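Participant: I am attaching a structure below and will ask some questions about it afterwards.
The values are calculated or read from the model by the stated rules, or taken from the named source; none is laboratory data. Bear in mind the structure is a predicted one, so any value in this text is a computation, not a measurement. For neighbour counting, all protein chains shown are included, and Cβ atoms are generated from backbone atoms with ideal geometry for every residue, glycine included.
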Amino acid sequence: MVCGTASDVGKTQVVAGLCRLLAGMGVRVAPFKAQNMALNSFVTSDGGEIGRAQAAQAMAARVEPEVAMNPILLKPTGERTSQVIVCGVPWRDLDAVAYHEAKKELIDVVEECLDDLRRRFDVVILEGAGSPAEINLLDGDLVNLGLAVRASIPAVIVGDIDRGGVFAALFGTVMLLPADLRECVRGFVINKFRGDPALLGDALSDLERRCGVGTFGVLPFVPDVALDAEDSLALAQRRSRPDAVTDVLSSPHDVLDVAVIRFPHLSNFTDLDAFDIEPAVSVRFVGSPAELGSPDLVVLPGTKATMEDLAWFRRTGFASELSRLRFDDDGAPRVRSPAVLGLCGGYQMLGSSIEDPFGVEGASEATAGLGFLDVHTVFEIDKCTRQRTGSTSWHPEESVQAASHAVGTEGVRAKRAANERWRARADSGAAVSVAGYEIHHGRVHLGEGATPWLALGESAGLEREGVVDHALGVFGTCLHGLFEGDDVRAEFLGMVARRRGKRWNASGVSFARARDDQLDRLADLCREHLDLPRLWTVVGEGARSTDLDRRRGGERLP
């Protein structure tokens, strides 16, 4: 088990690095996080919903993500309530007190999933949550050292030296633990160290003398190694790519400025990670209209509270500022106005209305949408979670041409004609493959004037998904992970650039390859900076009936 002194100290990356390292040695390894609180989620091949971080760790282990790897997922719906996902399916909406009581019902689920993985894999690497020393939560612990004790699994604790106070955090964590939990701790890992480890002097040996726990290694601070984040806490460390400006100053390309609205209940912002591998794209998350500026693309991302965040969007002035950017005082579209992209909840906001007749989000009355697209949304009790594949008949020049004709007295007629031309071409044009997954209660219904963007499913039963208004440069889709597809990302961003009169070309970098390279780098960091013989001893201690004595990939496990 990999625990941490706090959230965001690097537990997820250490688990991913060890998974990739072991997988490269021929060990069948799986990640496991009993309980994850995250609004960034992933849909498995059988339609179950798990934390996005556990899906990334499974990719690191080169295995298929499955619900057993994250049996409980908490998706906050407010300050004190969360939707509880159990084995990939919505179970209940509970506040903190009610959930604490419900843990008694969930212990067996967690332990059965863990046992299942241990039967099928040589090694299972567990990730804790927050800190194992939250003494108010030790009773009924599902995810930290209480689980480790019940399952006879040893643990290491990760501390973040970059934020300061790492020695006090590591020492305090161990000393706060009850004796039975303290006995599980075999070692420390110090993460995010800047500089020469020799500067630590005798601190590591002094720490071991004080609490009896040694340090397995010091991992360096590497700012350009990233992994799918669990929640918006990671956004504080995310930069808006000012290096992109420097990178392209000597090239004939312009930088695309992408502004992502940071909703209070922001979810699945990992949808924008694929834009980060484009050197001439700067992605920034904005929390107020004053930060919006004049971007090339405005993204309304996913949210776990669509109607509440839509009200916030209006209340803070974002809606009026976006209208000012896109329309002049007479209501006519501005030339080269920013394109707009809505993803899942953001897509639903762009429609005419949102209804919640069953109180899924707590509201019963319909809410007016922003009116950018001819769609309306109705929330259903059943949650739609599925992986999707398909294609889009993509004609980016249509958007550029439509935008140039959308101004003036003929604007409405030109817009209608442009959408009709696109609809006709969509049935016969060259297709760009797309893939992703859906996670939503809201069902989006297309109006008569809506132009579908994507065609998903098999050829015998294609489903039109997503809507585009080419004349106004507005796009919406419920498909998460869409822009991980290199072709559709290049075509979409190319259209945004041409609409704004900019020179831009895709980098040609494969997102899948870039992510795989990141996982390899995490493995390399673990290999180079951790005391692997000591670590493998801990791995062997927790293994059950596995043949780890033989040589794998040139390295020996105990």
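Participant: Would you call residue 60 under 27 Å from residue 27 (Cα atoms), of a type in the set (A, V, I, L, M) and touching a Lys or Arg at 6+ places or on another chain (Cβ under 6 Å)?
Facilitator: Criteria met by residue 60.
Participant: Moving to a separate point now. Can you confirm whether residue 77 is touching a strand residue (DSSP E or B) at 6+ places or on another chain (Cβ under 7 Å) and modelled with pLDDT under 95?
Facilitator: For residue 77, the condition - touching a strand residue (DSSP E or B) at 6+ places or on another chain (Cβ under 7 Å) and modelled with pLDDT under 95 - is met.
Participant: While we're on this one: Return only the number of the condition from (1) modelled with pLDDT under 95; (2) crowded, with 20+ Cβ neighbours inside 10 Å that residue 138 does not satisfy.
Facilitator: Going through the list (1) modelled with pLDDT under 95; (2) crowded, with 20+ Cβ neighbours inside 10 Å, residue 138 breaks only (2).
Participant: Moving on. Among the residues of region 364-390, how many are more than 30 Å from residue 67 (Cα to Cα) and either assigned by TED's automatic domain parsing to the domain that holds residue 47 or aliphatic (A, V, I, L, M) (or both)?
Facilitator: Total satisfying the criteria: 5.
Participant: A follow-up question, please. Working only within region 315-335, note down all residues that are outside any helix (DSSP H, G or I) and not hydrophobic (A, V, I, L, M, F, W, C).
Facilitator: Within region 315-335, 316, 317, 328, 329, 330, 331, 333, 334 qualify.
Participant: Please go through region 126-151 and give me each residue that is out of contact with any helix residue (DSSP H, G or I) (no Cβ under 7 Å at 6 or more places or on another chain) and in a loop (DSSP other than H, G, I, E, B), ordered by number.
Facilitator: 129, 130, 134, 136, 137, 139, 143, 144
Participant: Given the criterion in contact with a Lys or Arg (Cβ under 8 Å, 6 or more places away or on another chain) and of a type in the set (Phe, Trp, Tyr), identify the matching residue among 318, 313, 263, 327.
Facilitator: One residue alone meets the criteria, 327.
Participant: To continue, here is another question. Tally up the residues in region 341-386 that are at pLDDT 95 or above and either polar (S, T, N, Q) or in a helix (DSSP H, G or I) (or both), please.
Facilitator: 9
Listed here are the residues, each with its yes/no results for (1) touching a Ser or Thr at 6+ places or on another chain (Cβ under 8 Å); (2) more than 30 Å from residue 537 (Cα to Cα); (3) in a helix (DSSP H, G or I).
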site	(1), (2), (3)
17	no, no, yes
82	no, yes, no
104	no, yes, yes
113	no, no, yes
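Participant: Which condition number does residue 53 fail, the rest of (1) closer than 23 Å to residue 262 by Cα; (2) among the small types (Gly, Ala, Ser); (3) more than 19 Å from the chain's Cα centre (by Cα) being met?
Facilitator: (3) is the only condition that residue 53 fails.
Participant: What number of residues in region 288-304 are assigned to a strand (DSSP E or B) and farther than 30 Å from residue 90 by Cα?
Facilitator: So the count comes out to 2.
Participant: Here is a follow-up. Is there any pair with a first residue in region 1-16 that is acidic (Asp, Glu) and a second that is part of a helix (DSSP H, G or I) and surrounded by fewer than 23 Cβ atoms within 10 Å (Cβ to Cβ) whose Cβ atoms are under 9 Å apart and which are 6 or more apart or on different chains, and what are they?
Facilitator: Partner pairs satisfying both residue conditions: 8/233; 8/234; 8/236; 8/237.
Participant: Do we find that residue 285 is in a helix (DSSP H, G or I), surrounded by 18 or more Cβ atoms within 10 Å (Cβ to Cβ) and modelled with pLDDT of 95 or more in this structure?
Facilitator: No: the conditions fail for residue 285.
Participant: Being assigned to a helix (DSSP H, G or I) and among the aliphatic types (A, V, I, L, M) is the filter here; which residues of region 167-197 pass it?
Facilitator: Scanning region 167-197 gives 168, 169, 170, 174, 175, 176, 179, 181.
Participant: Right, another one. Filter region 310-361 for residues that are in contact with a His (Cβ under 6 Å, 6 or more places away or on another chain) and either among the hydrophobic types (A, V, I, L, M, F, W, C) or at positive phi (or both) and give the result.
Facilitator: Answer for region 310-361, where residues must be in contact with a His (Cβ under 6 Å, 6 or more places away or on another chain) and either among the hydrophobic types (A, V, I, L, M, F, W, C) or at positive phi (or both): 344, 360.
Participant: When the residues of region 31-44 are filtered to those that are in contact with a strand residue (DSSP E or B) (Cβ under 6 Å, 6 or more places away or on another chain) and polar (S, T, N, Q), which remaining residue is surrounded by the fewest Cβ atoms within 10 Å (Cβ to Cβ)?
Facilitator: Ranking the candidates gives 35 first.
Participant: Find the residue count for region 26-50, including only residues that are over 14 Å from the mean Cα position of the chain (by Cα) and outside any loop (DSSP other than H, G, I, E, B).
Facilitator: 5
Participant: Now for a separate question. Test each condition in (1) touching a Phe, Trp or Tyr at 6+ places or on another chain (Cβ under 7 Å); (2) part of a loop (DSSP other than H, G, I, E, B); (3) modelled with pLDDT of 95 or more for residue 253 and report the one that comes out false.
Facilitator: Looking at each condition in turn, residue 253 falls short on (3).
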